[in-house]
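This report refers to the structure that appears directly beneath it.
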Amino acid sequence: MTKGQRIRIFSAIGDVFKKKDWLFHFLAPFYDHLIRRPQSDRIKDLLNLPPNGFLLDLAGGTGRVSFHFAGPNTNILVCDINRSMLKQVKHKKGLLPLQADSAQLPFPSDTFDGILLVDALHHFLKPQNAVSEMLRVLKPGGRLLIEEQDINRVFIKIVRISEKMVGLHSHFLTAKEMSALFHSSQYKLHFERGNCFTFRILVCKLS
C-alpha cells in the first residue's frame, strides 16, 4: 500500500467520524437488540390515539418503539435523519419511513393526532426548534409524548460523557428545563417517571 493510499483511507475514516450520526450508521442492524425494550403499553395509553389516527415517531430510528403500536387501525410514520436506521423500518410491517430534519418537518400544520419522541431530544442541536415544529404539526387536541434520560442520575451523567467521547452531540435537559419549552397556555403538561433512568412529559395541545 502506497503512502497516498494510506492517506486516502485514513481521510475517509476521518470523514465518517466527523459525522455526528456515524455511530448510528454502525449500530443500525443491531440497534433493536442493544437498547432496552420500551414500556409500550404505558406509552400507548398516554398517547391515546383515536381509531385510524396518525402518529409521528420523530427521530424514531429503527421504529423500535412505534412498531409495538402498528395495526390495521393505525397510521405510523417513522421520521429520522439517519438513512441507515430507517432501512431497518422497512422490515417492520405497518410503519412508513421518511428521512427528514426534525427542525424542518415537511408536513402541513395540524397533521398528526400524536407525536412520539423517545430517547432523542438530547441529540438535537436546537431542541427548541424541534419542539416548535412538533407543536406546529400536532393537531389541536393531539398529544406529544417525550421520554428522556434523567440527567440527575449518576449513570446518565456517565452516558453523556461517553456519548461526547465518541463525537455525539448530547445535551440532556432536566424536567424543569423541558417544561420551559412549553410555556404557552395552549398546552397542558403531565410528568411521570419511566423505567430505569427515564422520565416522560406528556404535552396535550388544547383545542
### Query
For region 154-207, how big is the tail of P(r) above 17 Å, as a whole percent of Cα pairs?
50
### Task
Let me see the pair-distance distribution of region 40-141: every alpha carbon pair, 10 Å bin width, integer percents in order.
16, 52, 31, 1
### Query
With Rg and the Kirkwood Rh both taken from Cα atoms, where does Rg over Rh land for region 20-205?
0.93
### Message
Give the aspartates and glutamates whose C-alpha is closer than 14 Å to that of LYS139, dropping any in the same chain fewer than 8 places away, or say none.
### Response
ASP110, ASP113
### Query
Within the P(r) computed for region 89-185, what percentage of the Cα pairs occupies the region above 20 Å?
45
### Message
Which of GLU163, GLU148, GLU192 has the fewest other C-beta atoms within 10 Å, and how do the rest follow up to the most?
### Response
GLU192, GLU163, GLU148
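Where a number appears in this text, it was derived from the coordinates with a stated rule and is not lab data. In this text the structure is predicted, and so the values were computed from the model without any measurement. Here the Cβ is made from the backbone with ideal geometry for all residues, glycine too, and neighbour counts use every protein chain on show.
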